[in-house]
Each structure stands twice: as C-alpha cells, then as structure tokens.
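I have placed the structure first, in the form of structure tokens, so that the comments after it can refer back to it.
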Amino acid sequence: MSNNEGVIYRISGPVVTATGIDARMYEVVRVGHEKLMGEVIEIHGEQSVIQVYEDTSGIRPGEPVFSTGQTLSVQLGPGLLTQIYDGIQRPLQTLEEVMGVFITRGVDADGLDLEKKWTFESTASVGDEVSGGQVIGTVQETDTITHKIMVPPKASGKIKSIESGEFNVTETVCTLDDGTEIQMMQEWPVRHPRPFNQKYAPDTPLVTGMRILDFLFPLAKGGAAGIPGPFGSGKTVTQQSLAKYSDAQIVVYIGCGERGNEMTEVLDEFPHLIDPNTGKPLMNRTVMIANTSNMPVAAREASVYTGITIAEYFRDQGYDVALMADSTSRWAEAMREISSRLEEMPGEEGYPAYLSSRLAEFYERAGRVETLNGDDGSVTVIGAVSPPGGDISEPVSQGTLRIVKVFWGLDAGLARQRHFPAINWLNSYSLYPQSLNQWFRDNIASDFPEVRTEISALLKVEAELQEIVQLVGSDALPMDQQLTLEVARMIRVYFLQQNGFDPVDAYSGVEQQYAMARAILTFQEEAKKAMAAGAVLEDVVNVPARIELMRARFAEGYLEKIEGLVEEMVSQIGNSVEAQ
Amino acid sequence: MTSKEYKTITDIKGPLVFLEKTEPVAYGEIVTIRLSDGSTKNGQVLDTSDDMVVVQVFEGTEGIDRRAGVKFLGDVFKLPVSKGLVGRILDGAGRPRDGGPDIVADEKADIIGAAINPYSRQSPHDFIQTGVSAIDCCTTLVRGQKLPIFSASGLPHNDIALQIARQAKLKDSDEEFIVVFCAMGITAEEYNFFRADLERTGALENAALFVNLADDPAVERLITPRLALTAAEYLAFEHDYHVLVIYTDMTNYCDSLRQIGAAREEVPGRRGYPGYMYTDLAMLYERAGIVKGKKGSITQFPILTMPGDDITHPIPDLSGYITEGQIVISRELHQAGIYPPINVLPSLSRLMGGCIGEETTRDDHKKISDQMYAAYAQGRELRGLVAIVGEDALNERDLQYLKFSDIFEDKFVRQGRDEDRTIDGTLNLCWELLANIDTKYLERLDDELISKYHPTEKKE
Ligand SMILES: Nc1ncnc2c1ncn2[C@@H]1O[C@H](COP(=O)(O)OP(=O)(O)OP(=O)(O)O)[C@@H](O)[C@H]1O
Ligand SMILES: [Mg+2]
C-alpha cells in the first residue's frame, strides 16, 4: 500500500528527513504545515531524504510531509520568453506581487500565465498522422519569435480535431483519435534530457561579435564552452555580451548563485537593447533564471536543470539556443552543500564523488540535433567557472575542461592591465576550428583559416620575444623583431581588446574581424618592405593613417572605411621611405 | 509560549550542545541555557530530529555541564527594531552596552533576513563622493554598493573607513548617511578608536553600533553582523534612511564560522573553512542595495584583513566573488609613508561605469580615470624593468611614465586624513599631474577633452 503522507523526522538546513512516506527518487514532496516544496534525493529504508527549495527555519519534527507523485518539472509553452524565474521556475514578478520585495516562503506560482489568451494558428489538419515533436500550430509569442506548438514527445496518433483561435495554455487545441488532448503547455521533468532523433556534428559557428572568440577560439552552435576565471576577471561581462550579441535565436541566461544586482542590470538593460541580428529588443528572445547567492541552495542546484530544459524545448522547435550559466561553480557548491548534509563520503575538496558525472551529464545536453520532427535545432552551453583563488587545478574547472571543447581562460593579470576581454590568448583553446573552417571559407573569406593561423603565430612569437625583452629591454632586439613586437601590440590593442561596454565596438561582425586581421598583416608586410628600403621603425609605426585606422573602430560604419584607411596607411608607409 | 526546561544534555563539544528526548524543536529556534551557577547563555538550533537536537551556543559552552537546563523559546532569533536604534550602542547579541534602556520595539525582525527579490531591486547609480581621490576617481563608490576594504594587519584600514564615513555624501547634497557599525572580534583599542572618532565628529548620534570585541564570545560573532544588517534594513526600508554599514573584521567572522564547522565535524573546505562559506557570506553581503518603491538604501563597507597579505586566501577570495569590487590597501605604499595607501591597480568598483560621466560627475571622468590607471600601471611595470636594466634602456615615453608613477603616488594617492577633496578637485588634479606626460603619449584621452581640460593645451 502506498502512503502519500508522512512526518518529518529531522531538519538540518535545507535537508529534511521524513518517515512513513512512499516516495520515489526525485519526486516532489510538500514539507511541513506551510507545504514548502522539496524533492526526494535519497531513500534509506523507511526514511526519505528531501532537499527543500525554501528556508526551513521554524519547521519542526512531526510536521507532515505529502508526496505529490510528480517529479520536478517545468511548464513549457507560450509565455516563457521575457520572463525571469527563480531556480524552480517561479516567476519573480509573481513572487513580488504576492510577497513584496523580499522573498519569503510557502508560495506556489505557475511558470506560465495560465489565464493569458494566445492566438493559436493551427498548421496541421484533421486526419493528419502526427507523433511526438511534430508542430501542429504556432503562436506569435514576441515580435521576433514564433512559438511552435508541438505534440508532446510521447504522444502520437491521427488528429481528430484541431482549431485555430484564442486559447490559454491549458485549453485543448487539438485532440487525437485515441482521445489524447493536446494543450499549448507541456510539462517536462527537468532532470531528464528531452528526446531528439540524432545528434549532428556541429559545423556552424555561434557568432558572438567578440573578436578573440570568433576569430581565435570559435564556438560551434551546439557546442559547449567553459569560462574559468578568478573574481573580477570578466566572466559575467563576457556572458552578458554573449547574451546580447551572439547570433542565437533564443537565449537562456542562468544567474546561478551570483549577485542580485547583476540580474537587475540585465532586466534594466535588455528591453532597451537591440538585437544586432533582428533589430528588435533583445528581451524578446531571452528567458532568465535568477537564483542568486542568497536564495536557497537547493533551488540553486535545480536552476541549471530548469534552464537547460527550457533551452531544449526551444531547440525542439528548431531554434538555435544559447544557454549561459553563471556560475557553474556555485551550482557545484550547492551539490557539495547538500551532499555534506547527507553525510555522503566526500570526494576531492569535499565535492561529492558524482560531481564530474553531473557536470558531464549537464554539458551533454548541449548539441546540434535532428529534432523529433526532423528539423534542425541546437543548444549551445557556455558555463562560467569560478575557481578558488583563480587556480584551475580544482575539481569543478577540471571536471568542466574534460568535457567542453572550448576553453576561454580569463586571466587576472590581463584584467588588472584593463585588457578586456581578459581572455588569455596563449592558454585558451577551441577544438572546433577544423569543423568550422569550411563555414568560414564559404561565408567570410577563402583564406580565413590561414589568416587566423598567422595572427596566432604572431602572438606566440611575441610571448617568446617578451621573455627576452624582460631581460635586456626591447632596444636590444634586431629591427625585424622589434617590428614583430609592434605588430603583436597592434593585434592586442586593436584586435583582441574590445570593451564590452563600448556602444559601437562591443560588437564586431566576422567580416569586420577578418578585415581588421588583414589590415594588421598588411601593415606588417608594408612595414617590412619600407624598413628594408631604409625607413625607420618609429616613423612607420607612427604614420597617422595607422593611428586613424585603429581609432576609427569606435565609430559606426567602420567596416566600409577599413579599405580606404588601409590604402592610406600603405601610401604613408611608402612615403616614410622617401622621407629618409 | 511557556516552555519546558529540559535537562537532557548528552554531549558538549566546542560551541555545541547535544540533547535528547525533547518535544519537537524547530530548526533555527532560539534557546536559553541555565547553568548550575544560575547564569544563562543563549543559543540556536542547528539540527533537530526526534532523537537529537544540536544547539550552537553563542557565548561558548564554558561552564555548561550535563545538568544545565535548556529551554526552547519557540521562535527564531529576532531583533527588536525601532528608530530608537539610532544613537545607541549594543553588544554583539543586541543588548544595550551604553547603559541605556532596552530598545522599545516597533517590531521584531528576523535577523537571518529574507533575500531581496532580484526583480525588485533597482540598479545602484548614485555617485558617492568620499573625498578620497583614489576612490572617487578610480574605484568610485555607488550608493547601494557593497565594496569591501581588503587590508592586512597593521595597515590603516580603520582610518580610511572612518574618513569615508565622515566624508561620504552625494555630490552637491548634504544628505547624510546613517552609519551602522558592526564590530566583530576587534580589540577594545580599535573599538575605542572608532567610537572616539564617531563621538568627536558628532556622527555617533547618527549611528547604531553593534559591538562584539576580541574577548567577547567568538560564536556570538556569527549573529552580530546579522543584527547590524537587520537594523540597517529596518532603517533603510521602513524609514527611508541611506545607511552605510561598516563591519570589521570579516576575518574574525569567518574564523568563527570555521570553528562551528570543526565542532560539527563537517568536511572542511579550503584551509579548513566550511564549504558553505560562500553562501554564508553572500547572506550578509547581498543585504546591500536599493529596492523598488523604497527611498532608503544600504551601502556596505566591510573590512577584512587578508591573512598573510594573500588575496587568494579564502576570505578575500570568496568575498571578492560576492562583492561589487574591492579597495585594496597596500603594505608597500604604507611603508613608503603614503596615506591612504590604496593600491588602485587591484582595486575595482564594478558599478562605477554606470555612475560616472557628464550627468553625474564630469564628462572627462571615464577617460581620465582610464588614463590615470593606464599610466600608473605602465609606470609601475617599468619600475621592475628598471631594476634590472637601468633607466638608460628606457625610451622617452617610458621614462615619462616611470616618473609619473611616483607623482601619482605622491600627489594623487597621498592626501590628509581630514582632507576632503571634491570630485572636481580630484579630476582637475588628474589633469595637472598628467601634464607631466607628453600629450602624444596620452593615448586614452581624445583631442576634445585635451583642449577642454589640459592645463597647458587647453583652448579657452
Ligand atoms: N569585456 C569587458 N569590457 C570592459 N570591461 C570589462 C570586460 N570584462 C570585464 N570588465 C570589467 O571587469 C569587471 C569585472 O567583470 P565581471 O563582473 O564580469 O567579473 P567576473 O569574472 O564575473 O567576477 P565574479 O566571479 O566576481 O562574478 C567589470 O565590472 C568591468 O569593469
Ligand atoms: Mg561574475
């Protein structure tokens, strides 16, 4: 006989033990007189161990616990976009309406507005054979995003009735001949990846508009990247830039155990920012999850799953989705905290032994897939990592680096020099260039990969030369090496540096990136020629057109100007020979 | 609720008392313990079950034996709050320490404090003029920000904190801050220094002090900042005050946290500090900010001393991961006789971008502070090189930068303990000092600004 009511035996922070309840692993239960939401995370004989998503102060042993038969799920359907949720998909706006500005507890809130009417336009007809994932209609959810209403993954059959019109998300819009009723809202358990037909190898870059990323360390749509870095090195600014400028169609931004004000900033800013890819407000394509550092840790643990399930749902509609998790270290710490309350045997640095498998499972949910309906969709995951003391030999960084194919390593030294983005070009890497080269050749320039190779080679040579300079000063180097240093300096200052807050330069299209890289190589060639003919390095470097070429990137319409500026530079460098 | 007294203590370990055979006790409930000599101690429930209750004793377990009587008070820890807190000095557990009467409560507030809904926050954007050039120009403080001082033992962080508390104001406004001061494990001497200064300047009347000193119970330190922040929230969000919370020393707080963790035999994290220290600190630091629909604000100025001057130590490290920047005090500058010895290079104010510029401070603020920073950073780097290869190896540009770094420390960073510089004064000083470098080397400044402000290139 199953029993759906038990009693609390023990409370230790967010972990509550109950007896007398028949619950399944990961089942959602209601804890105490206030019916706080929790999830069963361990079963020991008679005892069910529950992580509770709200503060447990004041709860006593002996209070009731109820099982719900449900596993932790999210509501999926029109109304997700532009929302900001906590870690268990409660809309923060609803919480404010009910609780005021401070988050108290004991309030349930639906992830979707169940009342709001949407205009459903059916795209399937009576008699059509449909199966899981198939699109049966659409809703224009925001200016830019058409929400596709899909048959839930496990349903299939012949359409008996389907109707266009105004519906809320719980009203039936379609019935199948076996009696299955389909609503615009689906629920999906967050800890289960949503199904798809097959994974494809990524072959298209996620264009981010950040030169160092797109040009040197590109990420593929459907790929996964890790951004480790000490505090203040630029993880959040980078993630926010990606949320603003990357050419994903949908962005899921998870603030996991980080600052409240950073989420507020996104909320303030995004409605006014224009998506460079569509010309419409960025908010239209964005879903936010905010479970800040001072909100309950169990909900922080859940927040990344809530986020990625929403991302997969949009992927299933055929969209390219980018998900940012800032910071996965705080998620791992939530696991550690819960695990230690469970008195589990700790692994490295107190993290649970299953840390690396959880990380792997999470990043595995990224991918470019053939969806159930045969369409093409992707989830790209970008996870920030906050290693203690900035030392990435720790378990979360290492666990992440073993899985992701792109490593954007932020560097405290560069941040201190105010070289932004402070991504270290010497130790960062991307394993995607091979699979993306074709795309760059076809869409940007046939010699794109070769130009990239030259640029990174120059940076490597610079690093070697710098070691010598540290010992003897740069004047002691031969002229050709001094020129190399100047060229590398140009790469750093003009190309790699990109202020995330600059109104113009924060976004740089790939064509412009290529043109800028070319301009640097042209400078190098011309300077070499001129110096061979007797010009002085300092004159060559200081030709006004080169300074202008570099400065002009802060003004609109730069791409169109580059060619002219380069010509001018070439001619001035030529003149510097005659001046001798 | 009249409650029963239990005499069922089984174990006593460090600051923890374990007892059994109780009626159901609430998690987080407040406890009083009556010792055999008749004195009482207070504590809080850390773990509760049908079989065993674990109580953390704020005053330490010294003198408790198994015959001690334990009463559960039926509620979580609350602070009586009212406007009457202003002008008062309380101890680390919230009892009057100034000989005055008990606080007459308007209400009682849960000291753990609920999280501010991120949706309900407002982005801080009001510039606070501290009168300290290194801060106002390079590490601008914003109302509602949490900006710690990373210091180390023997450095004048207290003087700096006090100078800021005295001078902080909005530009062109006389609106003052209410100071909530929270001492955690500092020495009586340090405390007297703070108090005397607040008294001298009359600030004490506009301040609430919560004081746990070095010889006060270590475990009590875990609640002292929570009391202070609860008072701050009440004053800011119920009475529209702009509150500046100064707490010192976070390092003592963290050490108490470590002590509890050890007594509970928890698996320790880095350097023995508990794995949940990040979350615990966030529960304090995140209680800063501005919320929609309320006039007041909470600005936090925590002070911590970095053990071994090491910024990667867990205390500064985890703090830096939560706060919105940091002001780093440098031993090297202090030893060179410079006050305030603020090293602007590792210092950062993350909210600065949104609060400086034409409308709030001045149109040149952003660029001039970038230029000051860049020039100083380069000069400092060159010092290292010069030590190896000598000045002769430097070109003209580098020589100018090198000289500038000394000027920067001597004229810009250095100022008097009572010297209150306006932001205009600070920015003008930047121009004056940068005039020591040829304009062609000032890459971060544009011609427009140069012709507007540069002392010798200016076009009137
Ligand atoms: N790309 C950038 N352009 C301009 N400024 C930047 C950039 N990246 C970082 N910064 C500067 O560095 C500061 C810190 O960056 P950010 O908040 O992203 O750090 P973080 O790595 O997320 O730190 P934490 O781990 O503490 O959250 C920013 O406030 C900004 O001043
Ligand atoms: Mg961050």
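The values are calculated or read from the model by the stated rules, or taken from the named source; none is laboratory data. Since this is a predicted model, take the numbers as computed values, not measurements. Neighbour counts run over all protein chains shown; Cβ positions are idealised from the backbone, glycine included. Heavy atoms of the whole protein, side chains included, go into the accessibility calculation; ligands, DNA and RNA do not. Shrake-Rupley method; radii C 1.70, N 1.55, O 1.52, S 1.80 Å.
Each of A:L72, A:L401 has its accessible area taken with a 1.4 Å probe; listed largest first, they run A:L401, A:L72. In segment B:242-334, a dipole from Cβ-located charges (positive for Lys and Arg, negative for Asp and Glu) runs towards its positive end, and of B:G289, B:Q326, B:G275 it is B:G289 whose Cα lies farthest in that direction.
When the alpha carbon coordinates of segment B:389-451 are projected onto the principal axes, the ranges are 41, 31, 13 Å, largest first.
Pairs of Lys residues in segment A:137-291 are counted when their Cα atoms are under 17 angstrom apart and they lie 8 or more places apart or on different chains; the count is 4. To the nearest 10, the accessible area of B:D37 is 120 Å² with a 1.4 Å probe. Relative protection proxy for B:324-333, B:80-89, A:230-239, from highest mean packing down: A:230-239, B:324-333, B:80-89 (other beta-carbon atoms within 10 angstrom). Using a Förster distance of 22 Å, how high is the FRET efficiency between A:D203 and A:E364, based on the Cβ-Cβ distance and rounded to 0.05? It comes to 0.70.
Helix A:558-578 versus the longest principal axis of chain A: what angle, 0 to 90°, nearest 10, using Cα atoms? The two axes meet at around 20 degrees. Sorting A:494-503, A:441-450 by average packing, meaning the other beta carbons within 10 Å per residue, from highest down gives A:494-503, A:441-450.
Here the ratio of the Cα radius of gyration of chain A to 2.2 N^0.38 Å is 1.10.
Peptide B:311-323 shows a mean partner chain C-beta count of 4 within 10 Å per residue C-beta.
A simple spin-label model places pseudo-atoms 7 Å from Cα toward Cβ; at B:K13 and B:D51 they are separated by 1.4 nm. Estimate the FRET efficiency between B:V104 and A:A463 by the formula 1/(1 + (r/R0)^6), using the beta-carbon distance for r and 45 Å for R0, to the nearest 0.05. About 0.10, to the nearest 0.05.
The shape of segment B:216-278 can be summarised by an equivalent ellipsoid whose semi-axes, obtained from the alpha carbon gyration tensor, come to 29, 11, 10 Å from longest to shortest.
Taking every residue in A:53-64 and counting other chain Cβ atoms within 10 Å of its Cβ, the average works out to 5. What size of dipole, in debye to the nearest 20, comes out for chain B about its Cα centre when the only charges are +1 on Lys and Arg C-beta atoms and -1 on Asp and Glu C-beta atoms? Computed about the Cα centre, the dipole is about 800 debye.
Multiply the residue separation of A:R24 and A:D376 by 0.36 nm, subtract the distance between their alpha-carbon atoms, and state the gained length in nm to one decimal. Present the calculation step by step, with values, prior to reporting the outcome.
Working: separation 352, 0.36 × 352 = 126.72 nm, distance 3.50 nm.
Additional length available on full extension: 123.2 nm.
Two numbers describe the Cα atoms of the protein assembly as shown: Rg and Dmax, which are 30.6, 100 Å. Computed per residue of chain A from DSSP H runs no shorter than four, each worth -39500 (n - 2.57), the mean residue ellipticity at 222 nm is -10500 deg cm²/dmol.
Given in Å, the Rg to one decimal and the Dmax to the nearest whole number for the Cα atoms of segment A:213-278 are 12.7, 34.
Think of the protein assembly as shown as a dipole: +1 on every Lys or Arg Cβ, -1 on every Asp or Glu Cβ, centred on the Cα centre; then among A:T522, A:S571, A:Q317, A:Q317 lies furthest on the positive end. Between B and A, buried accessible area from a 1.4 angstrom probe totals roughly 5600 Å², ignoring ligands, DNA and RNA.
Which value in Å is the Kirkwood Rh of segment A:25-173 over different Cα pairs? All intermediate terms of the calculation are to be shown ahead of the outcome.
Details: mean 1/r = 0.0554 Å⁻¹.
Evaluated on segment A:25-173, it is 18.1 Å.
The three principal axes of the C-alpha atoms in segment A:142-257 carry coordinate ranges of 56, 30, 28 Å, sorted with the longest axis first. Projection of the Cα convex hull of segment B:317-460, averaged over all directions and equal to a quarter of that hull's surface, yields 10.3 nm². Summary value for segment B:238-350: 28 percent relative contact order, contacts being C-alpha pairs under 8 angstrom separated by 6+ residues. Accessible surface computed residue by residue for segment B:151-250, with neighbouring protein chains in place and a 1.4 Å probe, gives 32 Å² per residue.
Start at zero, step by 10 Å, and the Cα-Cα distances of chain B spread as 4, 19, 27, 23, 14, 8, 4, 2, 0 percent across the bins.
Just subtract the alpha-carbon distance of B:T201 and B:E238 from 0.36 nm times their residue separation and send over the number in nm, one decimal. If you can, show how the numbers build up before the last one.
On the way: separation 37, 0.36 × 37 = 13.32 nm, distance 2.65 nm.
Net length gain for the segment: 10.7 nm.
Here segment A:262-311 is assigned +1 on the Cβ of each Lys and Arg and -1 on the Cβ of each Asp and Glu. Its dipole about the Cα centre then comes out at about 200 debye. By the Stokes-Einstein formula, at 0.890 mPa s and 25 °C, segment B:236-334 with its Kirkwood radius over alpha-carbon pairs has D equal to 164 µm²/s. Put a plus charge on the Cβ of each Lys and Arg, a minus charge on the Cβ of each Asp and Glu, and nothing anywhere else: the dipole of segment B:148-212 about its Cα centre is then about 120 debye. Residue by residue along A:89-98, Cβ atoms of other protein chains within 10 Å of the local Cβ number 2 on average.
Test of understanding: what is the full-extension gain from A:K160 to A:V98, defined as 0.36 nm times their sequence separation minus their Cα-Cα distance?
18.2 nm
At a threshold of 8 angstrom on Cα-Cα distance, excluding pairs fewer than six apart, so keeping six or more, what relative contact order does segment A:115-214 reach in percent? Could the numbers behind the result be given before it?
On the way: 171 pairs, mean separation 22.5, N = 100.
23 percent.
Taking Cα pairs under 8 Å and at least six residues apart, what relative contact order does chain B come out at, in percent? Relative contact order, chain B: 16 percent. Taking trypsin sites (Lys or Arg not before Pro) across segment A:5-64, none is in a DSSP loop with at most 10 further Cβ atoms lying within 10 angstrom of its Cβ. A dipole drawn for chain B from +1 and -1 charges on Cβ atoms has a positive end, and of B:P455, B:Y241, B:C137 the residue lying farthest that way is B:Y241. For segment B:297-379, the calculated P(r) over all alpha carbon pairs, in 10 Å bins from 0 to the bin holding the longest distance, is 14, 40, 36, 10, 0 percent.
How charged is the neighbourhood of A:L242? Take every other residue with its Cβ under 12 Å from the Cβ of A:L242, and add Lys/Arg as +1 and Asp/Glu as -1. Could you put the intermediate results ahead of the total?
Numbers: positive: A:K235, A:K244; negative: A:D214, A:D247, A:D326.
Value of the local net charge: -1.
Round to the nearest 0.05 the FRET efficiency obtained for B:E332 and B:T312 when R0 = 25 Å and r is the Cβ-Cβ distance. Mind dumping the intermediate values first?
Numbers: r = 18 Å, r/R0 = 0.71.
In this case the efficiency is close to 0.90.
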